[in-house]
Structure formats: C-alpha cells, structure tokens
1. Residues in the stretch 40-67 that are in contact (Cβ under 8 Å) with a residue 60 or more places away in the chain, more than 22 Å from residue 198 (Cβ to Cβ) and assigned to a loop (DSSP other than H, G, I, E, B): how many?
2. Which residues, taken from the stretch 174-208, are within 15 Å of residue 55 (Cβ to Cβ) and not in a helix (DSSP H, G or I)?
3. Please find, within the stretch 267-291, the residue that is surrounded by the fewest Cβ atoms within 10 Å (Cβ to Cβ) out of those that are in contact with a Ser or Thr (Cβ under 6 Å, 6 or more places away or on another chain) and among the polar types (S, T, N, Q).
4. List pairs: first in the stretch 5-33 and within 18 Å of residue 200 (Cα to Cα) and of a type in the set (Lys, Arg), second assigned to a helix (DSSP H, G or I) and modelled with pLDDT of 95 or more, Cβ under 9 Å, 6+ apart or cross-chain?
5. When only residues in the stretch 69-90 that are open to solvent by less than 20 Å² (accessible area, probe 1.4 Å) and assigned to a loop (DSSP other than H, G, I, E, B) count, which is nearest to residue 189 (Cα to Cα)?
6. Quick one: how many residues across the stretch 199-211 are touching an Asp or Glu at 6+ places or on another chain (Cβ under 8 Å) and either acidic (Asp, Glu) or open to solvent by 10 Å² or more (accessible area, probe 1.4 Å) (or both)?
7. Is there a residue in the stretch 201-215 that is within 26 Å of residue 100 (Cβ to Cβ), modelled with pLDDT of 95 or more and charged (D, E, K, R)?
8. Looking at the stretch 94-167, what helices (runs of 4 or more DSSP H) fall wholly within it and have at least 3 residues that are without any contact (Cβ under 8 Å) to a residue 24 or more places away in the chain, over 15 Å from the mean Cα position of the chain (by Cα) and within 22 Å of residue 258 (Cα to Cα)?
Amino acid sequence: MSAVLERSPVTLPARTHLDWLEAEAIYILREVAGQCQAPVLLFSGGKDSAVLLRLAEKAFRPGRFPFPLLHVDTGHNFPEVTAFRDRRAAELGERLIVRSVEDSIRRGSVVLRENQSRNAAQSVTLLEAIAEFSFDAAIGGARRDEEKARAKERVFSFRDEFGQWDPRNQRPELWNLYNARVHPGEHVRVFPISNWTELDIWQYIAREKLDLPSIYYAHRRPIVRRRGLLAPVTSLTPARAGEQVEEVSVRFRTVGDVTCTCPVESNASGIEEILVETATASLTERGATRMDDQTSEASMERRKKEGYF
C-alpha cells in the first residue's frame, strides 16, 4: 500500500480589524461603480478623504477611478489643505472638479448675512454641482462616530430631487445589500468609511504611511479662547475686542472652513503621539473643534436635511 502523503494545514495570515474595515469599504466603492451611472468622490484634502483615495486605489488600480474627484471650495479654506488637495490629485492623475461657494454668491443662489460662515453654504454649491454633472452618487468620508446626526445615516443615504435628507425615508441595508437605484434628479450619498472611528482612521494612516496636510500635526499658531474652543487668529478670523491672543502649540483634528474650524492644544508631532491622544480623547473631533455644530443640538441634522453632506 502506497504511503499517504500528509499535507500540512494552510495557515492564513491573521486579519486585523483594519483589514475588515478596508475590505468593507472596497466592497462599497465597487458597488457604487457597478450600480451607478455617474458617481463622484468628494475630496477636500482632509484626512478622511485622503483615506478614501487610498481605498479607491486599492479598489480600482491599475485602472483609472470610475469617477472624478469633486471639492466644494468655500474660498475660506486653510491654504495647506488646498495645496495638498491639488498635489494629491495630480499625483494620482485623476480629474479634480472644483466648484466654489464664491461663484454661488455671485449667481445669487447663496446669500449670506454679514460675518456668517460659508460652511453651511456648501450645501447649495454641492447641489448645483450635482445638477450640473447629473451625478447620481456622491461618495464622501463621513463617519457615524462624528456626530449624532451622522449616526443615523445609512451607508447609501438617499436624497430626494431637492437634495434633501429625510432620516425616515431611507432604505434597509440588511446583510450589506445596497440599493443605489434613483429616479432622475435624485441621488445617493455613499459613506464607505461610515463604520470607522477617528482612531481607525489614524491607525490606517499609520499603516498605509499616508501623507496629510501639515496642520494635522503639532505646530505653533496664534489663537484666542472663545466659547470653550481655541479659535485660530487669521485675516479672516481676527481677534475680537477684549480677546487675548496667545501663541500655542496646536494641531487640527478635522479641517474645514477657517471661520468655524478650531484646533486643539497638542504637542503631538508624529503619528504615534496622535494615536495616543486620539485613544484617550473624551470629545469627538467635531465636538472639540467645530463652532458650527455648537449652535444647537440639532444643527448638523438641520443642515443635512437642507443638503449638507
């Protein structure tokens, strides 16, 4: 009788939680590409959209992305972030569409009160861009852990013909089955990293060695202490009468419009230090840094119903 050859068991490499999150996000991106006629990926130059770009590379390279990149520029963005946005899009060789709130103001579709932040006005410019290019899906880097209204979102978030979000009119997503079907004029917002946390994002940035705008790391900056936040002192946001300007070591946990985004006090100049800070933080990044979310408990939900991402 011939000897039976013994085969050693195949040992698969252990999968980390980042591997599972990455696989889910890649699956979602490919679902968008397979189901939608004219998708677009929102890319601001921030850390979450930088992670989305890496996930899109893994989903579609060596081919081109099956969608362009879109940034809604308030005109009041941090220069380090817009410079990174342009450089990263050029490195990838992907098409970057920029639409400006300033243009919406000139057209009269956006009317702002004196000293009002342009952040919420992005909703109008985004909806105008979606109509201009007939996009039926807009992919973005929102996460459920950011804010209460974000936590209500589906991965495929349906928007009606007016671009509005109704949390009571969303589709079930049982067993990770996603429905991107829309009528003309409607669209979906898609959140591939919805299940990620801020700590997951930084761990992935560390693992993938992703480049980011410099303001995510500790640097010295003039600030004033306002409403419990560190408001940056810039030409757009000067100190008010009676406020004391300090130069403090800070970093930004999230980036947005200069007029409503604040840094946090920090000496974390590297990824490992940021991971420690993030793991021990008691406030979400938006809660610790965004003035526009402090107007009321429902401020984000109200803006989302008007078309905000």
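1. Selection size over the stretch 40-67: 1.
2. 190, 191, 192, 193, 194, 195, 196
3. Filtering the stretch 267-291 for residues that are in contact with a Ser or Thr (Cβ under 6 Å, 6 or more places away or on another chain) and among the polar types (S, T, N, Q), the one surrounded by the fewest Cβ atoms within 10 Å (Cβ to Cβ) comes out as 267.
4. Close Cβ pairs satisfying both conditions: 15/23.
5. Here the residue is 74.
6. Of the residues in that region, 1 qualify.
7. Yes, the stretch 201-215 contains a residue that is within 26 Å of residue 100 (Cβ to Cβ), modelled with pLDDT of 95 or more and charged (D, E, K, R).
8. Answer list for the stretch 94-167: 101-107.
The values are calculated or read from the model by the stated rules, or taken from the named source; none is laboratory data. Remember, predicted model here, so these are calculated numbers, not experimental data. When we count neighbours, we look across all protein chains shown, and the Cβ atoms used for this are built from the backbone with ideal geometry, even at glycine. Calculation scope for accessible area: heavy atoms of the full protein, side chains included, ligands and nucleic acids excluded. Shrake-Rupley method; radii C 1.70, N 1.55, O 1.52, S 1.80 Å.
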